[in-house]
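This report refers to the structure that appears directly beneath it.
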Amino acid sequence: MQRMRRARAVAAIAVVVLLVAGCSGPPPLDPLADDARILAFGDSLTHGTGADDGDSYPAALERLSGREVIESGVPGELSAEGRRRLPGVLDAVEPDLVILLHGGNDILRGKDLGATRRNLAAMVDSARQRGIPVVLVGVPARALFFQTTADLYYTVAEREGVPLEADIMETIIDSPELRSDQVHPNAAGYRRLAEAVHRLLVRTGALAS
(Lines give C-alpha, C1' and ligand atoms only; values in the text may rest on other atoms or scores of the structure.)
Protein backbone atom coordinates (compact mmCIF):
# COMPACT_ATOMS: atom_id res chain seq x y z
CA MET A 1 0.00 0.00 0.00
CA GLN A 2 2.79 2.40 0.92
CA ARG A 3 4.53 1.57 -2.35
CA MET A 4 1.33 2.32 -4.26
CA ARG A 5 0.89 5.67 -2.52
CA ARG A 6 4.48 6.59 -3.34
CA ALA A 7 3.93 5.67 -6.98
CA ARG A 8 0.79 7.79 -7.13
CA ALA A 9 2.64 10.75 -5.56
CA VAL A 10 5.43 10.48 -8.10
CA ALA A 11 2.88 10.32 -10.93
CA ALA A 12 1.08 13.38 -9.58
CA ILE A 13 4.32 15.35 -9.40
CA ALA A 14 5.14 14.35 -12.97
CA VAL A 15 1.76 15.62 -14.15
CA VAL A 16 2.28 18.94 -12.37
CA VAL A 17 5.72 19.34 -13.94
CA LEU A 18 4.31 18.65 -17.40
CA LEU A 19 1.49 21.11 -16.88
CA VAL A 20 3.87 23.83 -15.71
CA ALA A 21 6.16 23.17 -18.65
CA GLY A 22 3.23 23.27 -21.05
CA CYS A 23 2.01 26.59 -19.64
CA SER A 24 5.37 28.34 -19.86
CA GLY A 25 5.82 30.24 -23.09
CA PRO A 26 8.74 31.93 -24.82
CA PRO A 27 10.21 35.10 -23.29
CA PRO A 28 8.01 38.06 -24.24
CA LEU A 29 9.06 40.77 -26.67
CA ASP A 30 7.95 44.37 -26.99
CA PRO A 31 5.41 44.97 -29.77
CA LEU A 32 6.95 45.96 -33.09
CA ALA A 33 5.80 49.27 -34.52
CA ASP A 34 4.25 49.31 -37.97
CA ASP A 35 7.44 50.81 -39.37
CA ALA A 36 9.75 48.45 -37.49
CA ARG A 37 12.69 46.91 -39.30
CA ILE A 38 13.55 43.22 -38.83
CA LEU A 39 17.01 41.87 -39.63
CA ALA A 40 17.14 38.23 -40.75
CA PHE A 41 20.76 37.25 -40.14
CA GLY A 42 22.38 33.95 -41.05
CA ASP A 43 23.83 31.78 -43.77
CA SER A 44 22.34 30.11 -46.87
CA LEU A 45 19.09 29.29 -45.04
CA THR A 46 18.55 33.03 -44.60
CA HIS A 47 19.85 33.89 -48.07
CA GLY A 48 17.23 31.59 -49.62
CA THR A 49 19.47 29.06 -51.36
CA GLY A 50 17.31 26.50 -53.13
CA ALA A 51 14.49 28.86 -54.09
CA ASP A 52 13.93 31.70 -56.54
CA ASP A 53 14.34 35.36 -55.66
CA GLY A 54 11.37 36.48 -53.60
CA ASP A 55 10.80 33.01 -52.11
CA SER A 56 13.30 33.22 -49.24
CA TYR A 57 11.97 33.09 -45.70
CA PRO A 58 12.77 36.78 -45.05
CA ALA A 59 10.73 37.75 -48.10
CA ALA A 60 7.84 35.56 -46.97
CA LEU A 61 8.09 36.90 -43.41
CA GLU A 62 7.92 40.46 -44.72
CA ARG A 63 4.64 39.63 -46.46
CA LEU A 64 3.24 37.92 -43.37
CA SER A 65 4.31 40.51 -40.82
CA GLY A 66 3.73 43.70 -42.76
CA ARG A 67 7.18 44.88 -41.56
CA GLU A 68 10.33 45.44 -43.53
CA VAL A 69 12.56 42.38 -43.28
CA ILE A 70 16.15 42.82 -44.39
CA GLU A 71 17.87 39.62 -45.55
CA SER A 72 21.51 39.31 -44.49
CA GLY A 73 22.45 35.72 -45.25
CA VAL A 74 25.85 34.56 -46.52
CA PRO A 75 25.90 31.03 -48.00
CA GLY A 76 28.60 28.82 -46.49
CA GLU A 77 29.31 31.19 -43.60
CA LEU A 78 30.52 29.67 -40.32
CA SER A 79 29.33 31.02 -36.99
CA ALA A 80 32.75 32.54 -36.22
CA GLU A 81 32.50 34.51 -39.46
CA GLY A 82 28.94 35.55 -38.67
CA ARG A 83 30.05 36.68 -35.23
CA ARG A 84 32.61 39.01 -36.83
CA ARG A 85 30.18 40.24 -39.50
CA LEU A 86 27.14 40.96 -37.33
CA PRO A 87 28.24 44.15 -35.51
CA GLY A 88 28.78 46.03 -38.77
CA VAL A 89 25.41 44.87 -40.11
CA LEU A 90 23.65 45.93 -36.92
CA ASP A 91 25.21 49.39 -37.06
CA ALA A 92 24.35 49.79 -40.74
CA VAL A 93 20.76 48.50 -40.58
CA GLU A 94 19.77 49.59 -37.04
CA PRO A 95 17.00 46.95 -36.82
CA ASP A 96 14.30 46.73 -34.18
CA LEU A 97 14.56 42.92 -34.02
CA VAL A 98 17.04 40.26 -35.16
CA ILE A 99 16.06 36.77 -36.34
CA LEU A 100 19.23 34.70 -35.88
CA LEU A 101 19.43 31.49 -37.91
CA HIS A 102 23.06 30.42 -37.90
CA GLY A 103 25.40 27.54 -37.09
CA GLY A 104 24.22 25.03 -39.68
CA ASN A 105 27.54 25.06 -41.55
CA ASP A 106 29.41 24.41 -38.30
CA ILE A 107 27.25 21.33 -37.77
CA LEU A 108 27.66 20.08 -41.35
CA ARG A 109 31.44 20.49 -41.23
CA GLY A 110 31.86 18.86 -37.84
CA LYS A 111 33.14 21.98 -36.08
CA ASP A 112 33.48 22.28 -32.31
CA LEU A 113 29.89 22.90 -31.23
CA GLY A 114 31.04 24.43 -27.96
CA ALA A 115 32.61 27.17 -30.04
CA THR A 116 29.43 27.42 -32.11
CA ARG A 117 27.40 27.89 -28.95
CA ARG A 118 29.74 30.64 -27.77
CA ASN A 119 29.58 32.35 -31.16
CA LEU A 120 25.78 32.34 -31.15
CA ALA A 121 25.72 33.70 -27.60
CA ALA A 122 28.16 36.43 -28.62
CA MET A 123 25.88 37.37 -31.54
CA VAL A 124 22.92 37.64 -29.17
CA ASP A 125 25.00 39.80 -26.84
CA SER A 126 26.15 41.99 -29.73
CA ALA A 127 22.53 42.81 -30.57
CA ARG A 128 21.54 43.31 -26.95
CA GLN A 129 24.38 45.75 -26.35
CA ARG A 130 22.61 47.89 -28.93
CA GLY A 131 19.20 47.38 -27.30
CA ILE A 132 18.00 45.03 -30.05
CA PRO A 133 16.04 41.89 -29.09
CA VAL A 134 16.82 38.56 -30.74
CA VAL A 135 14.81 35.52 -31.79
CA LEU A 136 16.79 32.32 -32.34
CA VAL A 137 15.97 29.58 -34.87
CA GLY A 138 17.47 26.14 -34.29
CA VAL A 139 19.07 23.82 -36.82
CA PRO A 140 19.07 20.00 -36.59
CA ALA A 141 22.15 18.12 -35.44
CA ARG A 142 23.84 15.65 -37.77
CA ALA A 143 22.01 12.32 -37.71
CA LEU A 144 21.30 9.37 -39.97
CA PHE A 145 17.67 9.24 -38.88
CA PHE A 146 15.19 11.39 -36.94
CA GLN A 147 16.47 14.94 -37.30
CA THR A 148 16.34 16.82 -34.00
CA THR A 149 17.46 20.34 -33.20
CA ALA A 150 21.00 20.51 -31.84
CA ASP A 151 21.16 20.90 -28.06
CA LEU A 152 23.31 24.00 -28.32
CA TYR A 153 20.31 26.08 -29.48
CA TYR A 154 18.31 25.18 -26.39
CA THR A 155 21.32 26.05 -24.24
CA VAL A 156 21.82 29.45 -25.86
CA ALA A 157 18.10 30.26 -25.71
CA GLU A 158 17.88 29.33 -22.02
CA ARG A 159 21.05 31.08 -20.93
CA GLU A 160 20.38 34.22 -22.96
CA GLY A 161 16.64 34.27 -22.30
CA VAL A 162 15.63 34.58 -25.94
CA PRO A 163 12.68 33.02 -27.80
CA LEU A 164 13.58 29.89 -29.76
CA GLU A 165 11.89 28.32 -32.78
CA ALA A 166 13.16 24.76 -32.38
CA ASP A 167 10.83 22.63 -34.48
CA ILE A 168 10.41 23.97 -37.99
CA MET A 169 13.83 23.08 -39.43
CA GLU A 170 13.37 19.52 -38.12
CA THR A 171 10.08 19.35 -40.01
CA ILE A 172 11.58 20.73 -43.22
CA ILE A 173 14.64 18.47 -43.24
CA ASP A 174 12.43 15.44 -42.56
CA SER A 175 10.05 16.36 -45.42
CA PRO A 176 11.36 15.81 -48.98
CA GLU A 177 8.47 17.84 -50.40
CA LEU A 178 9.76 20.90 -48.48
CA ARG A 179 13.42 20.60 -49.54
CA SER A 180 15.37 21.53 -52.66
CA ASP A 181 18.29 19.32 -51.57
CA GLN A 182 19.45 17.55 -48.41
CA VAL A 183 19.85 20.71 -46.34
CA HIS A 184 18.02 23.59 -48.06
CA PRO A 185 14.28 24.26 -48.20
CA ASN A 186 12.45 24.94 -51.43
CA ALA A 187 9.93 27.76 -51.80
CA ALA A 188 7.29 25.81 -49.85
CA GLY A 189 9.80 25.04 -47.12
CA TYR A 190 10.87 28.65 -46.77
CA ARG A 191 7.23 29.65 -46.57
CA ARG A 192 6.71 27.15 -43.75
CA LEU A 193 9.79 28.56 -42.00
CA ALA A 194 8.46 32.10 -42.28
CA GLU A 195 5.07 30.99 -40.96
CA ALA A 196 6.71 29.35 -37.94
CA VAL A 197 8.75 32.45 -37.16
CA HIS A 198 5.65 34.60 -37.60
CA ARG A 199 3.71 32.41 -35.15
CA LEU A 200 6.52 32.77 -32.61
CA LEU A 201 6.51 36.55 -33.01
CA VAL A 202 2.77 36.55 -32.35
CA ARG A 203 3.20 34.29 -29.28
CA THR A 204 5.88 36.58 -27.84
CA GLY A 205 3.76 39.69 -28.37
CA ALA A 206 6.05 41.22 -31.00
CA LEU A 207 3.22 41.03 -33.55
CA ALA A 208 -0.53 41.15 -33.14
CA SER A 209 -2.46 37.99 -33.94
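Report, to the nearest whole %, how much of the accessible area of segment 59-189 belongs to carbon and sulfur atoms, 1.4 Å probe, protein only. The partial results should precede the final answer.
Values: 2950 of 6030 Å².
With neighbouring chains kept in place, the figure for segment 59-189 is 49 percent.
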Once R0 is set to 30 Å, what does the formula 1/(1 + (r/R0)^6) return for the Cβ-Cβ distance between Ala80 and Val202, expressed as a FRET efficiency to the nearest 0.05? 0.35
To the nearest Å², the heavy-atom accessible area per residue of segment 158-209 with 1.4 Å probe amounts to 47
Note the angle between two axes, namely the Cα long axis of helix 79-93 and the longest principal axis of the Cα atoms of the chain, as a number of degrees from 0 to 90, rounded to the nearest 10. 60
Amide H to amide H under 5 Å from Arg179: which residues, 5+ apart in sequence or cross-chain, H placed 1.01 Å off N in plane? Asn186
Please give the charge dipole size of segment 90-165, origin at the Cα centre, charges +1 on K and R Cβ atoms and -1 on D and E Cβ atoms. Round to the nearest 20 debye. 280
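Can you check what the net charge comes to around His47, using other residues whose Cβ is under 10 Å from the Cβ of His47 (Lys, Arg +1; Asp, Glu -1)?
Details: positive: none; negative: Asp43, Glu71, Glu77.
Taking every Cβ under 10 Å from that of His47, the sum is -3.
Kindly give Rg over Rh for segment 98-198, based on alpha-carbon atoms, with the Kirkwood expression for the hydrodynamic radius. Let's see the in-between values first.
On the way: Rg = 13.5 Å, Rh = 13.9 Å.
For segment 98-198, the value is 0.97.
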All other residues with a Cβ under 11 Å from the Cβ of Leu86 taken together, and with Lys, Arg as +1 and Asp, Glu as -1, what is their net charge? 0
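Please get the size of the charge dipole for the chain, origin at its Cα centre, with Cβ charges of +1 on Lys and Arg and -1 on Asp and Glu, quoted in debye to the nearest 20.
1280
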In the chain, what % of DSSP beta bridges are antiparallel (nearest 5)? 10
Can you give me the angle between helix 2-23 and the longest principal axis of the chain, using Cα atoms only, in degrees from 0 to 90, rounded to the nearest 10? 20
When only alpha-carbon atoms are used, what values of Rg and Dmax, in angstrom, describe the chain? 18.4, 69
Using a cut-off of 10 Å between beta-carbons, work out the net charge of the residues near Ile168 (Lys and Arg +1, Asp and Glu -1, Ile168 not included). -2
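For the chain, which span is the longest to avoid every loop-located (per DSSP) member of chymotrypsin sites (Phe, Trp or Tyr not before Pro) having at most 13 other Cβ atoms inside 10 Å? If you can, show how the numbers build up before the last one.
On the way: sites that count: Phe145, Phe146.
With chymotrypsin sites (Phe, Trp or Tyr not before Pro) excluded where exposed in loops, the chain gives 1-144 as its longest stretch.
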In degrees between 0 and 90, to the nearest 10, how far off the longest principal axis of the chain does helix 113-128 point, with axes built from Cα atoms? 70
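The values are calculated or read from the model by the stated rules, or taken from the named source; none is laboratory data. The structure displayed is predicted, hence computed values, not measured ones. With ideal geometry, Cβ positions are generated from the backbone for all residues, glycine too; neighbour counts draw on all protein chains shown. Remember, those area values only see protein heavy atoms, side chains included, never the ligands or the DNA or RNA. Shrake-Rupley method; radii C 1.70, N 1.55, O 1.52, S 1.80 Å.
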